[in-house]
Structures are given as C-alpha cells and as structure tokens.
Amino acid sequence: MSKQFPQAVRAMLCGFMFMFAAAVQAESVNNAAKLPNVTILATGGTIAGTGATSTTTVGYTAATVGVQSLIAAVPEIAKVANVTGEQVFQIASENIGDAQWLQLAKRVNVLLAQPNVDGIVITHGTDTLEETAYFLHLVVKSKKPVVLVGSMRPSTALSADGPINLYNAVRLAGTPEAAGRGVLVAMNDQIHSARDVTKANTTTTDTFRTSELGVIGYIQGGKPFFYRNVVRNHTLDTEFDVTKLDGLPQVDVAYAYANVGDVAVNALVAAGARGLVHAGVGNGSLPARTKPALVKARKDGVVVVRASRVGQGIVARNGEANDDALDFVVADTLSPQKARILLMLALTKTTSTREIQRMFYTY
Ligand code: SIN
C-alpha cells in the first residue's frame, strides 16, 4: 500500500480543514458581533504621558502618546470590546477650555446617536477631569454610558495605572448596567458620578474621591458592580443644549481666605465676568471686605453664586448671607469649580436668579 494518502482521502481531509477554518472564523466574527462597540476619545493627560525613566512619576511630559498606542498597550481590551479610537485633541488638562469642552460634547453626542456605538470612554488629564466630566454630565444627550478615565502615573512608569484604568473604563462603557447613570469616572477600581467626584491628592493613584456622598460602584475583576443611583438630573433630563453653542459665558471663581479683600472680585468683573462664583470660607460666608464688591457686581448684572471652599456639605440659602435680599444664588453641594460650570450653562438659558437657583437644586 502506498505511504501516500489516496487522492480521495486527501481531498476529504482538505475539506474538513477548510470547514474547520471557516467555523473558527465564523465563531470569531460571532464573538466580535457579541462584544460591545466602544469608542475611545483621547484628549491627552498623564495617561498619555511619558517620563525619562521608569521611576519618573513627577516631572514627566503629559499628552505625548497617541490613542492607537494607548489601545495597543492594552491588548486585553480587544477581548472585551470592539474598540475604535479617535484623537480629539492632545493636551495637558490644565489647558482645557470652553472650546475643547464644546468640541468634545458635540462629538460625543454625534457618536452616541449612532446605533453602532454602545458607549464612550474619554481619556483625560486628571487635573480638570472632574470639570469635563460634569460639563458632559449636563450636556450629553444620551442614556448610553460615557466614562472618563485618566492615570496618575505616566505610561512609562513602574506600575503605571493607565492600562488597568483604561481596561476598566472600557468594561464599564460596554456594560448595559452603566446606561442612564450620567457621566461616570472610572479610576482606581472605583466608579464615581461626575457630579460629586473630585481630585483629592496631588499625586497618589487613589486621588479621585467622592468623600461623603460615596462612590456609586466598584470594578472588580473587570466587572462593574453598582450600589447607588445618581439622584440629581443629568444628560437627557437637563435643559442644556450645546448644538448651537460656539462659546460659553465668562464665569470666574473668586477664592476667599483670611484677610481677603475685593481686588479679585473687582478685577474679574472689570475683565467681563457675567457670573462670579464666590468660593467662600465655611458655609460660603461673605467677608466684610469682599461683600460690597459682590453686592455691586450683582447690581451691575453679574450673577453671584455663593459656594464653599470646604469641599463637603450644602451651602445654606439665607444662611451666612441674606441671599433673598442680595439676589444671590447658592451652590448647594457643588464645588466652586463645578458651580462655575453649571452657572456658565445656566447663563446660556437665562439671567433670572430664581431660575438659576432652581437649576442648582436640580442638577
Ligand atoms: C493633566 O491633567 O493633564 C496632567 C496630570 C494628570 O493627568 O494626572
């Protein structure tokens, strides 16, 4: 008998091999079809940063690595989502301004309107991440998950936190349970609401905290677990619309401290502020040397919001100041930097302080 396979057996084996390859290919196409479609919008920050050595965790350069390299550095992502990447801009987040917020929000809304996009991850510098997150929380018009993520260590560092944070963010953005919860921040295995999270440490990897109100969930083993709902209105349930906006009203923050005077308030009003957030001490108290400048600003048409630099708690209306008489607004629990964002958006709709106060109790 010939050591060669007879022609017919060879043909049959080839047929089996062909069918097996086709089945494997069909299976992987099926698996890809089952995975969520997540778009990663990259904006820069330390997550895209590089340092001179693996121990350089300060003094590195933010915003140098492009989105495709960020994705390629975490091949595990391809097993849990069909990911596409877009470089929206490439900056350190201290340089984010109104123009970038509007650009990003418009792009997010366009993408989320597409049926083939299930969720969005935005990579971002951590310094102002909470501000961009809250802006989007108020203007994104979709229930689909939007997750902001950053890192505290550059991509070149020992134990860089970027890859695991990015992986977790993609898992979160691809999870149907994340829908309808507003914009989320995924850092250090925790899930925060954009409204309440703040950066609380200059350099450590557990810097993002929602101290008293609490995280809304965790990500463990790549799986999100939720424990709380976001109560204040957001996304589809706000009155804000960026579609036709090509700029935002000027709103500034004047910081209070012992011995503070009126220089900052007067300078900001002279520079054209239409709204001012007073980052007061304690319960948003008005120092005697600052109050006349704020009262004058209000008389001149500037909307004044009393916030607190303390970081936790409600600024009581008519508590440390007679807001009704002064025609001031209080920030509720929003930090001064987030009160500024809500006031900017509010001023795109109205200058009525009664209406603006309603918004501060709604969002
Ligand atoms: C930045 O905010 O762009 C730099 C700092 C960081 O991402 O941690």
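Tabulated data
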item	result
Check on residue 42, modelled with pLDDT of 95 or more, open to solvent by less than 30 Å² (accessible area, probe 1.4 Å) and either more than 16 Å from the ligand (Cβ to nearest atom) or not charged (D, E, K, R) (or both)	yes
Total residues in region 185-215, condition of a type outside the set (S, T, N, Q), open to solvent by 10 Å² or more (accessible area, probe 1.4 Å) and in contact with a Lys or Arg (Cβ under 7 Å, 6 or more places away or on another chain)	3
Scan of region 157-168 for residues that are open to solvent by less than 10 Å² (accessible area, probe 1.4 Å) and more than 14 Å from the ligand (Cβ to nearest atom), ordered by number	168
Among the residues listed as 274, 340, the single one being under 21 Å from residue 137 (Cα atoms) and either surrounded by fewer than 21 Cβ atoms within 10 Å (Cβ to Cβ) or modelled with pLDDT of 95 or more (or both)	340
Any pair with Cβ under 8 angstrom, 6 or more apart, that starts in region 287-311 at a residue that is more than 22 Å from residue 358 (Cα to Cα) and ends at one that is in a loop (DSSP other than H, G, I, E, B) and aliphatic (A, V, I, L, M)	287/256; 287/260; 287/281; 289/260; 290/256; 290/260; 291/321; 310/281
Among the candidates 241, 237, residue that is acidic (Asp, Glu), in contact (Cβ under 8 Å) with a residue 24 or more places away in the chain, open to solvent by 30 Å² or more (accessible area, probe 1.4 Å) and under 25 Å from residue 100 (Cα atoms)	241
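The values are calculated or read from the model by the stated rules, or taken from the named source; none is laboratory data. Note that the structure is a prediction, hence the values are computed from the model and not measured. Note: ideal-geometry Cβ built from the backbone for every residue, glycine included; neighbour counts use all protein chains shown. Just so you know, the surface numbers come from the protein's heavy atoms only, side chains and all, with ligands and any DNA or RNA stripped out. Shrake-Rupley method; radii C 1.70, N 1.55, O 1.52, S 1.80 Å.
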